[in-house]
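Asks: Sharing a structure, written as structure tokens. Questions coming.
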Amino acid sequence: MNLSGNQASADASLETYQTIPKHVAIIMDGNGRWAQQKGKLRTFGHKSGVEAVRASVRYAREVGISSLTLFAFSSENWQRPKEEVSVLMQLFSLVLKSEVKKLDQNNIKLKVIGDTSALDKKLQEKIKKAEQKTENNTALTLNIAANYGGRWDIINATKQIANQVKNNALLPEQIDEALFNNYVSTSGLPELDLLIRTGGDHRVSNFLLWQCAYAEFYFTDTLWPDFNESIFAVAVADFASRQRRFGLTGSQIMTLDKKGSEPC
Ligand code: FPP
């Protein structure tokens, strides 16, 4: 059987097989329920969730995950009660203020993905400064998705490509997956390997739709504020135990795997 076109991408992707995922994304769900179970306001859950963010970043850096993308605020979250939206925005601002120095000291690059133009102007400034301060860091890229939606990301990329075509800088025939990848908000980052969702629901909720194509999914009932390094490690171990087939059969993958381990 001739694998030609697909073989190259399968070979490249197989580098990550049974190893630490290069790019992990997390849907941090369950803050509200965690707080309500304790008889507290939902916003207490969001505030407590910050410690789980710190633990995840620490773990990702420690084990050599190169990109961590966290869903902090979706384009749909604006519809939540006004006070809750306001607390989430304040929290984002506070976290930027208190954590950027530490991120920088730990060689972590911060990037905010999503339609940031809808955020408060002062917050946009803080984001820009934090991104500039950490832009040359190399140990880990921490992407915070704020006012992010997977459909928005795809439409935003499409608009930029359409403009290139309109300006005769690009031919429609030149549009392929690799080119499209350059226009989505995760451009330049490794392919998404693992998507974790806490809080017990089994859905993608408009997160990283383009990027999920070959990602492995890991769902846990743990509510976000209880998420920590050990639970992250279980998700990574589960990922490592899976056979990623990228559309091939199990035996094709085994053959490719053997070839890869032969000395040159
Ligand atoms: C979902 O839980 C969580 C959010 C919408 C916000 C996530 C924010 C944080 C963890 C804190 C801030 C983080 C950063 C990076 C600044 P939910 O409210 O939907 O919980 P529920 O499903 O129990 O209602």
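Asks: Please find, within the stretch 140-153, the residue that is farthest from the ligand (Cβ to nearest atom) out of those that are part of a helix (DSSP H, G or I), crowded, with 17+ Cβ neighbours inside 10 Å and not aromatic (F, W, Y). Even if it seems obvious, please write down each step before you answer.
Replies: Residues of the stretch 140-153 part of a helix (DSSP H, G or I): 150-153.
Of the ones still in play, those that are also crowded, with 17+ Cβ neighbours inside 10 Å are 150, 152-153.
Within this subset, residues satisfying the condition of being not aromatic (F, W, Y) are 150, 153.
Details: G150: 15, D153: 18 Å.
Top of the filtered list is D153.
Asks: Would you mention how many residues in the stretch 179-219 are surrounded by fewer than 19 Cβ atoms within 10 Å (Cβ to Cβ) and among the β-branched types (V, I, T)?
Replies: 1
Asks: Sticking with this one: Considering only the stretch 139-159, state which residues are polar (S, T, N, Q) and in contact with a strand residue (DSSP E or B) (Cβ under 7 Å, 6 or more places away or on another chain).
Replies: Just the residues of the stretch 139-159 that are polar (S, T, N, Q), to begin with: 141, 143, 147, 156, 158.
Matches in the stretch 139-159: T141, N143, N147.
Asks: Of the residues in the stretch 164-202, how many are part of a helix (DSSP H, G or I) and either touching a Leu at 6+ places or on another chain (Cβ under 9 Å) or of a type in the set (D, E, K, R) (or both)?
Replies: We begin by selecting, within the stretch 164-202, every residue part of a helix (DSSP H, G or I); these are 164-166, 172-174, 177-181.
Now drop any that are not either touching a Leu at 6+ places or on another chain (Cβ under 9 Å) or of a type in the set (D, E, K, R) (or both), which leaves 164-166, 173, 177, 179.
The number of residues fulfilling the criteria is 6.
Asks: Hey, I161 hits all of (1) within 29 Å of F92 (Cβ to Cβ); (2) surrounded by 15 or more Cβ atoms within 10 Å (Cβ to Cβ) but one; which does it fall short on?
Replies: The number of the failed condition is (1).
Asks: Here's another thing I want to ask about it. Pull up the stretch 123-139, narrow it to residues that are basic (K, R) and surrounded by 15 or more Cβ atoms within 10 Å (Cβ to Cβ), then point me to the one that is nearest to I27 (Cα to Cα). Outline the logic, then answer.
Replies: First pass over the stretch 123-139, keeping only residues basic (K, R): 126, 128-129, 133.
With the extra rule that they be surrounded by 15 or more Cβ atoms within 10 Å (Cβ to Cβ), the set shrinks to 126, 133.
On the way: K126: 24, K133: 26 Å.
Selected residue: K126.
Asks: From E131, E135, E99, E125, which residue is of a type in the set (D, E, K, R) and within 11 Å of the ligand (Cβ to nearest atom)? Talk me through it step by step, then tell me what you get.
Replies: Details: E131 fails: within 11 Å of the ligand (Cβ to nearest atom); E135 fails: within 11 Å of the ligand (Cβ to nearest atom); E125 fails: within 11 Å of the ligand (Cβ to nearest atom).
So the residue among E131, E135, E99, E125 that is of a type in the set (D, E, K, R) and within 11 Å of the ligand (Cβ to nearest atom) is E99.
Asks: Could you grab me the full set of residues in the stretch 94-116 that are of a type outside the set (A, V, I, L, M) and more than 17 Å from H46 (Cβ to Cβ)? Show your work before the answer.
Replies: Within the stretch 94-116, the first condition is being of a type outside the set (A, V, I, L, M), and the residues that meet it are 97-99, 101-102, 104-107, 109, 111, 114-116.
The answer is K101, K102, D104, Q105, N106, N107, K109, K111, G114, D115, T116.
Asks: Would you mind stating whether K97 is modelled with pLDDT under 95 and either loosely packed, with under 14 Cβ neighbours inside 10 Å or farther than 17 Å from L68 by Cα (or both)? Explain how you work it out, then say what you get.
Replies: Numbers: modelled with pLDDT under 95: yes; either loosely packed, with under 14 Cβ neighbours inside 10 Å or farther than 17 Å from L68 by Cα (or both): yes.
In short, yes.
Asks: Could you tell me whether any residue of the stretch 133-153 is without any contact (Cβ under 8 Å) to a residue 24 or more places away in the chain and closer than 18 Å to L209 by Cβ? First the steps, then the outcome.
Replies: Just the residues of the stretch 133-153 that are without any contact (Cβ under 8 Å) to a residue 24 or more places away in the chain, to begin with: none.
No, the stretch 133-153 has no match at all.
Asks: In the stretch 159-216, which residues are of a type in the set (D, E, K, R) and farther than 19 Å from S67 by Cβ?
Replies: Here is the first cut: in the stretch 159-216, the ones of a type in the set (D, E, K, R) are 159, 166, 173, 176-177, 191, 193, 197, 201, 203, 216.
Passing the criteria: K159, K166, E173, D176, D201, R203.
Asks: Could you list all residues from the stretch 203-230 that are closer than 22 Å to R42 by Cβ, free of Cβ contacts under 8 Å to residues at least 24 places away in the same chain and in contact with a strand residue (DSSP E or B) (Cβ under 9 Å, 6 or more places away or on another chain)? Quick ask: steps written out before the conclusion?
Replies: So the first thing to find is which residues in the stretch 203-230 are closer than 22 Å to R42 by Cβ, and the list is 203, 205-207, 219-228.
This time we only want the ones that are free of Cβ contacts under 8 Å to residues at least 24 places away in the same chain, so: 203, 219, 221.
Of everything in the stretch 203-230, those that are closer than 22 Å to R42 by Cβ, free of Cβ contacts under 8 Å to residues at least 24 places away in the same chain and in contact with a strand residue (DSSP E or B) (Cβ under 9 Å, 6 or more places away or on another chain) turn out to be R203, F219.
Asks: Quick one: in the stretch 33-77, of everything that is among the polar types (S, T, N, Q) and farther than 28 Å from Q105 by Cα, which residue is surrounded by the fewest Cβ atoms within 10 Å (Cβ to Cβ)? Let's see the steps before the verdict.
Replies: Within the stretch 33-77, the subset among the polar types (S, T, N, Q) is 36-37, 43, 48, 56, 66-67, 69, 74-75, 77.
Those left that are additionally farther than 28 Å from Q105 by Cα: 36-37, 43, 74-75, 77.
Values: Q36: 13, Q37: 11, T43: 19, S74: 21, S75: 19, N77: 16.
The qualifying residue surrounded by the fewest Cβ atoms within 10 Å (Cβ to Cβ) is Q37.
The values are calculated or read from the model by the stated rules, or taken from the named source; none is laboratory data. Every value quoted in this text rests on a predicted model; they were computed, and no experiment measured them. Neighbour counts are summed over all protein chains in view; Cβ atoms, including those assigned to glycine, are modelled from backbone coordinates with ideal geometry.
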